Amino acid sequence: MTPATKLLKKAKIEHQVFEYHHDPKAKAYGLEAAEKLGLPDEEVFKTLVVQVDEKELVVGIIPVAAHLSMKLIAKAAGGKKAKMADPALVQKSTGYVMGGVSPLGQKKRLKTVIDNTAEQFETIYVSGGKRGLDIGLAPKALQQVLNAQFMDIKAE
């Protein structure tokens with residue numbers, strides 16, 4: 001069990017856990033998850049942590065094949081500029097290693113924005129808190145447990 005799965009169990013949120021053998025040579029963790037689990041790329045979401053205006057850490061959840069728009073995530077967080085957060089800072093604040101960062105069960109709850117494309121699916125898949133582990137759950141359930149907002153945050 002990871003902090004992510006413990007949180008969902010405690011909150012009594014319906015979810016499914018999927019495990020697969022992670023290949024350390026994989027170039028893109030999210031795309032690897034989609035491929036190994038036999039899921040469409042647009043239903044598997046990656047968790048990215050950015051630093052907004054050089055201070056606040058914010059989580060962006062977007063489809064694995066998409067790119068995060070720094071402009072849109074900064075705006076969604078009420079800031080002006082965003083950049084990818086330093087991996088050491090991400091691990092310290094979330095408790096998760098890169099490639100296994102879950103939006104759920106983080107050490108410190110961060111402001112979270114989910115790309116609005118998630119709303120069109122019955123189930124989306126996010127990292128379960130370690131490489132080789134994904135969780136399938138309803139987008140609305142994810143939004144509620146994280147107190148997140150749905151917004152357009154992916155780059156075109």
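The values are calculated or read from the model by the stated rules, or taken from the named source; none is laboratory data. Bear in mind that the values here come from a model prediction, so they are computed numbers and not experimental data. Methodologically, a virtual Cβ is constructed for each residue, glycine included, from the backbone with ideal geometry; neighbour enumeration extends over all protein chains shown. Side chains included, ligands, DNA and RNA excluded: accessible areas come from the protein's heavy atoms. Shrake-Rupley method; radii C 1.70, N 1.55, O 1.52, S 1.80 Å.
What helices (runs of 4 or more DSSP H) lie completely within segment 69-156 and have 3 or more residues being under 15 Å from residue 52 (Cα atoms)?
Numbers: elements: 70-76, 87-94, 139-146.
Once the helices (runs of 4 or more DSSP H) in segment 69-156 are filtered for at least 3 residues that are under 15 Å from residue 52 (Cα atoms), what remains is 70-76, 87-94.
Restricting to segment 1-46, count the residues that are closer than 16 Å to residue 124 by Cβ, out of contact with any strand residue (DSSP E or B) (no Cβ under 9 Å at 6 or more places or on another chain) and open to solvent by 60 Å² or more (accessible area, probe 1.4 Å).
Count: 1.
Could you tell me how many of the residues in segment 79-97 are open to solvent by 30 Å² or more (accessible area, probe 1.4 Å) and touching a residue at least 24 places away in the same chain (Cβ under 8 Å)?
Residues that pass the stated criteria total 8.
Of the conditions (1) under 24 Å from residue 14 (Cα atoms); (2) open to solvent by 10 Å² or more (accessible area, probe 1.4 Å), residue 102 satisfies every one except a single condition; which number is it?
If we test residue 102 against (1) under 24 Å from residue 14 (Cα atoms); (2) open to solvent by 10 Å² or more (accessible area, probe 1.4 Å), just (2) comes out false.
Of all the residues that make up segment 41-55, how many are assigned to a strand (DSSP E or B), touching a Leu at 6+ places or on another chain (Cβ under 8 Å) and without any contact (Cβ under 8 Å) to a residue 60 or more places away in the chain?
Here the count works out to 3.
Among (1) farther than 20 Å from residue 142 by Cα; (2) not in a loop (DSSP other than H, G, I, E, B), which single condition is residue 58 missing?
The number of the failed condition is (1).
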